[in-house]
Amino acid sequence: VIQDDDVINEVCRKYDVGREKVERALTGPTSVFNKFTLERERMTALLKVAVADHLQGSGVIFSGYISLLIPSAVTHVLKVGIFDERSNRIHRAVAEGLGEKSAVKLIKKHDLGANDWSDYVLQKTANDASLYDIVIPIGSSSPESAVQLIMENLNKPAVLENETSRQAVADMVIGARAELALVEKGYTPQVKVNNGNVSLFVNKSVLNFSKLTNTLSEIVGAVDGIESVEVVPGKDYHVSVYRDMEFSLPPKVLLVDDEQEFILTLSERLNTRDYGSYPVFDGEKALELLESGETPDVMVLDLKMPDMDGVEVLRKTKEANADIEIIILTGYGSEEDERTCKELGAFAYLYKPVDIAELTATIDEAHKKVAAARMAHT
């Protein structure tokens, strides 16, 4: 039996990535910084590689979210969706020691995670019957009858391994490794593989299409087992990021300011300079993001905001995660404010209007400090 935890541990060990990143890819939600970092695409590619390698063996039961990574073309894998009634799930959780409110909250979180993952991978909800060969409602059947039904279907001719299904596994292995090679360079085209022949689907309106074709073909052509590479243009294909240079993760910058027009404009200017910025308009929203698991490298924080001021956001952020570097950006600060912020751990204290070059240079310095601390922890 291979469960989600087994594959997560394997990916963490083999590729030296943090467990939190892999778990977040599986259970979501997608990070607000993902369009800059492509972190979920990369973690998903690593998970696909691990699952694809296991599929080359036999006598395996995949249990959990990872099973949705197995393509329908792999017909010798019997896909079973087992669903219980909500009341039974709550009763079982309470029997295991949870309070009813905690049980309801946990079940809701689990269901949101399952649906987020299935939507991300297959654009369907987790309980969509088309994802499974058999759907078993546990509320109306016993575990014993469920096992019996599974075993009956497992021995049907349609589920037996054949040459076409074995080739589908080989194609999944190639496709997973091609996706990983591409995302490591900052590219996310749609990848399809048929008998070792790879098709990459990209938007035909992209600038310098012929150069892009050569770049993608070169990246994928280096993957073992590929017979040919074709880049297919189309108006409906979307790719998150194209890069003509070595892909590197940009600083993740959370912008916090109640002046919406100012902060949106600043975010756009940072994004055009390859900074992964995300704006929020009050301190409470910033803290909610941190509580949800978002971890920016740098926060650019306004001092004077209604409801919760910047000093309080600074204090609570540093208490929650001291590694986040915070740059105060204010138009109304005083020397006393600056002294207070520095004592609370602010990286820098800047005044509006700020020159974009000065701000980006400060962000760079803060990001270097974050990266150095990360390396020290490693």
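The values are calculated or read from the model by the stated rules, or taken from the named source; none is laboratory data. Keep in mind that this is a model prediction, so the values were computed, not measured. Every residue, glycine as well, gets a Cβ built from its backbone with ideal geometry; the counts of neighbours run over all protein chains shown. Just so you know, the surface numbers come from the protein's heavy atoms only, side chains and all, with ligands and any DNA or RNA stripped out. Shrake-Rupley method; radii C 1.70, N 1.55, O 1.52, S 1.80 Å.
In whole Hz and in residue order, list the ³J(HN,Hα) couplings for region 16-27 that follow from phi through the Karplus curve 6.51 cos²θ - 1.76 cosθ + 1.60, θ = phi - 60°; x for Gly and Pro.
Computed from phi, the couplings for region 16-27 are 6, 10, x, 4, 4, 5, 5, 4, 5, 4, 6, 10 Hz.
Please report the accessible area of Glu152 (heavy atoms, 1.4 Å probe, ligands and nucleic acids excluded) in Å², nearest 10.
For Glu152, solvent-accessible area is about 100 Å².
Using helices alone, I'd like the mean residue ellipticity at 222 nm for the chain: each DSSP H run of four-plus residues gives -39500 (n - 2.57), total over residue count, nearest 500. Working shown, then result.
Numbers: 14 runs with 186 residues, N = 378.
Roughly -15500 deg cm²/dmol at 222 nm, from the helical runs in the chain.
So what is the relative contact order of the chain, in percent, for Cα pairs below 8 Å that sit 6 or more residues apart?
In percent, rounded to a whole number, it is 12.
Pairs of alpha-carbon atoms within less than 8 angstrom and 6+ residues apart define the contacts here; what relative contact order does region 1-147 have, in percent? It would help to have the intermediate numbers written out before the result.
Values: 137 pairs, mean separation 39.2, N = 147.
27 percent.
Which ³J(HN,Hα) values in Hz, rounded to whole numbers, follow from the phi angles of region 98-115 under the Karplus curve 6.51 cos²θ - 1.76 cosθ + 1.60, where θ = phi - 60° and Gly and Pro get x?
With the stated coefficients, region 98-115 comes to 7, x, 4, 4, 5, 5, 4, 5, 5, 5, 4, 4, 4, 5, 4, x, 5, 6 Hz.
For the Cα atoms of the chain, what angle does the longest principal axis make with the long axis of helix 310-320, in degrees from 0 to 90, nearest 10?
For helix 310-320, the angle is close to 40 degrees.
Check which residues have an amide H placed less than 5 Å from Ser63's amide H, if you skip close sequence neighbours.
Residues meeting the criterion, in which the H sits 1.01 Å from N, are Ile2, Gln3, Asp4.
Please compute the per residue accessible area over the chain with all protein chains in place, 1.4 Å probe, rounded to a whole number of Å².
54 Å²
Starting from 0.36 nm per residue, how many nanometres of slack lie between Asp128 and Glu85 once their C-alpha separation is accounted for?
Contour length minus Cα-Cα distance gives 13.9 nm.
Is region 118-220 best put as rounded, prolate or oblate by its Cα gyration tensor, with a ≥ b ≥ c the root eigenvalues, rounded for a/c under 1.5, and otherwise prolate when a/b is larger than b/c, oblate when not?
prolate
Shape call for region 325-378 from the C-alpha gyration tensor, a ≥ b ≥ c root eigenvalues: rounded (a/c under 1.5), prolate (a/b greater than b/c) or oblate?
oblate
For the chain, give me the percentage of DSSP beta bridges that are antiparallel, rounded to the nearest 5 percent.
15 percent
For a Förster distance of 56 Å, can you work out the FRET efficiency between the beta-carbons of Tyr15 and Ser334, rounded to the nearest 0.05?
Efficiency for this residue pair is about 0.70.
Could you list which residues have their amide H under 5 Å from that of Gln190, counting only those 5 or more apart in sequence or on another chain, with H placed in the peptide plane?
Under 5 Å from the amide H of Gln190: Phe201.
Residue by residue through region 298-308, which ³J(HN,Hα) values in whole Hz follow from phi under the Karplus form 6.51 cos²θ - 1.76 cosθ + 1.60 (θ = phi - 60°), with glycine and proline marked x?
With the stated coefficients, region 298-308 comes to 9, 10, 9, 10, 6, 8, 9, 9, x, 6, 10 Hz.
Based on the mean of other Cβ atoms within 10 Å per residue, sort peptides 344-355, 221-232 so the most packed one is first.
Per-residue mean Cβ counts within 10 Å order the peptides as 344-355, 221-232.
Which net charge results for the neighbourhood of His76, defined as the other residues with beta-carbon distances under 15 angstrom from its beta-carbon, given Lys and Arg at +1 and Asp and Glu at -1?
Overall, the nearby charge balance is -1.
Could you state the angle between the C-alpha long axis of helix 143-154 and the longest principal axis of the C-alpha atoms of the chain, as a value from 0 to 90 degrees rounded to the nearest 10?
Here the helix axis deviates by roughly 70 degrees.
How about region 79-140: which GluC sites (Glu not before Pro) there are in a DSSP loop, with at most 12 other Cβ atoms within 10 Å of their Cβ?
Sites meeting the loop and neighbour criteria: Glu85, Glu96.
Can you give the extra length, in nm with one decimal, that the chain gains between Asp355 and Glu261 once fully stretched, where that is 0.36 nm per residue apart less the Cα-Cα distance?
Extra length available between Asp355 and Glu261 comes to 32.2 nm.
Relative contact order for region 325-378: what percent, with Cα pairs under 8 Å and sequence separation of 6 or more?
Relative contact order here is 39 percent.
Using a 1.4 Å probe on the protein heavy atoms, what percent of the accessible area of the chain belongs to carbon and sulfur?
50 percent
Would you please classify the overall shape of the chain from the alpha carbon gyration tensor, given that a ≥ b ≥ c denote the square roots of the eigenvalues, rounded means a/c under 1.5, and beyond that prolate means a/b larger than b/c while oblate covers the rest?
oblate
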